[in-house]
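Heads up, the thing below is written out as structure tokens.
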Amino acid sequence: MITFQTSFTRNKDSLNMFRLYGRDIKTNEEATGVSIVIDKSYFNLNYSTTLSTLEPAYMNSSLNKKRDLYWVLYYNKETNQLIYNPNKSKYEHTIIDLNDKNIKDDKSTPELIKYIFLEIVKNAEELDSHINKLENTKEMKEAIYSTLFENIRYIIKDEAFYEEQELRILCTTTPDNKTIEVDKNIDKLYIKYIPLFDKYVEEIILGSKIKDKEAVKDYLQALLNEKYSENKIKISISKAPLR
């Protein structure tokens, strides 16, 4: 099994994103990249259920048309809590306290996530006690846990990254699956983004430190207007304050 993952954020003009990712990797100059805004119709909007819909790509034929999107869960090791934000406002968040072993029978997403993680911890502890009795313990653990956690390890990050409010496309599948491309030269998985411009890209935000950004904006807008209906894809300049 292999897992393809790529990341998005709900903060389309985020200062933090332009400083960390929208920069020139050679000169390290911030806000010299772009933010590509993709319309939500490209995604399956069932991501609020996070773990309950995480399944191999070959089981989901809709992936040929749309991509499943999942909220990243941020873990605080000191408090043993999961934090994520499936809410309409980016200033809200939901906390799942893993210290509380009681599961409410309300079928809510937080309770479902808590149940799943508590089960994972319980089963992992039991499995660990069995593996420790065997030879080649280290190699055995690496092989077993890598397989068991293949489809969930990509949605958990340390709470220190919470500001990113990240969402991810995830496809756990077999190497011969046709919904994901494979570049064998660099041993990487990818999906083709250029076709998205025909239907799903709605805006391109230029970093505020791009050289001659006003001229670049006008030039790109003219190019896009030639290929698509006028102003179908909006070109703008980031308003995120760098200083």
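Computed over the chain, the percent of Cα pairs more than 29 Å apart is 42. Considering only 81, 3, 27, and ranking their Cα positions along the charge dipole of the chain that arises from unit charges at the beta-carbon of Lys, Arg, Asp and Glu, the one farthest toward the positive end is 27.
Taken over the stretch 62-101, the ratio of Cα radius of gyration to 2.2 N^0.38 Å equals 1.54. Between the alpha-carbon centres of the stretch 68-108 and the stretch 140-177 there is a gap of 17 Å. Sequence-distant contacts, meaning Cα pairs under 8 Å at least 6 residues apart, place the relative contact order of the chain at 32 percent.
For the stretch 134-200, which trypsin sites (Lys or Arg not before Pro) are both in a DSSP coil and crowded by at most 13 other Cβ atoms within 10 Å?
Those that pass, being in a loop and sparsely packed, are 178, 184, 192, 199.
Projecting the alpha carbon convex hull of the stretch 100-242 along each direction and taking the average yields 15.7 nm². Can you work out the FRET efficiency for the pair residue 26 and residue 192, with r the C-beta to C-beta distance and R0 = 22 Å, to the nearest 0.05? The computed FRET efficiency comes out at 0.30. For the stretch 71-192, the solvent-accessible area of protein heavy atoms averages 66 Å² per residue (probe radius 1.4 Å; ligands and nucleic acids excluded).
What percent antiparallel are the DSSP beta bridges of the chain, to the nearest 5? Antiparallel bridges make up about 75 percent of those DSSP assigns within the chain.
With a cap of 11 neighbouring Cβ atoms within 10 Å, and only residues DSSP puts in a loop, list the GluC sites (Glu not before Pro) found in the stretch 88-151.
Working: sites: 92, 111, 119, 125, 126, 135, 139, 142, 150; in loops: 92, 135, 150.
When the GluC sites (Glu not before Pro) of the stretch 88-151 are filtered for loop state and at most 11 Cβ neighbours within 10 Å, 92, 135 remain.
For 34, 72, the ranking by accessible surface with the largest value first comes to 34, 72, using a 1.4 Å probe. Taking each residue as 0.36 nm, the span from residue 126 to residue 211 lengthens on full extension beyond its C-alpha to C-alpha distance by 24.8 nm. A DSSP coil position with no more than 14 other Cβ atoms inside 10 Å describes the following GluC sites (Glu not before Pro) in the stretch 194-243: 230.
By the compact-protein rule of thumb, 2.2 N^0.38 Å, the alpha-carbon radius of gyration of the stretch 97-180 corresponds to a ratio of 1.37. The fraction of accessible area contributed by carbon and sulfur in the stretch 79-216 is 53 percent, rounded to a whole number (1.4 Å probe; ligands and nucleic acids excluded). Considering only 193, 130, 219, the residue lying farthest towards the positive end of the dipole of the stretch 88-225 is 219, judged by Cα position with unit charges set on Cβ.
The values are calculated or read from the model by the stated rules, or taken from the named source; none is laboratory data. Being a predicted model, the structure only gives us computed values, none of them experimental. With ideal geometry, Cβ positions are generated from the backbone for all residues, glycine too; neighbour counts draw on all protein chains shown. Note: areas computed on protein heavy atoms with side chains; ligands, DNA, RNA excluded. Shrake-Rupley method; radii C 1.70, N 1.55, O 1.52, S 1.80 Å.
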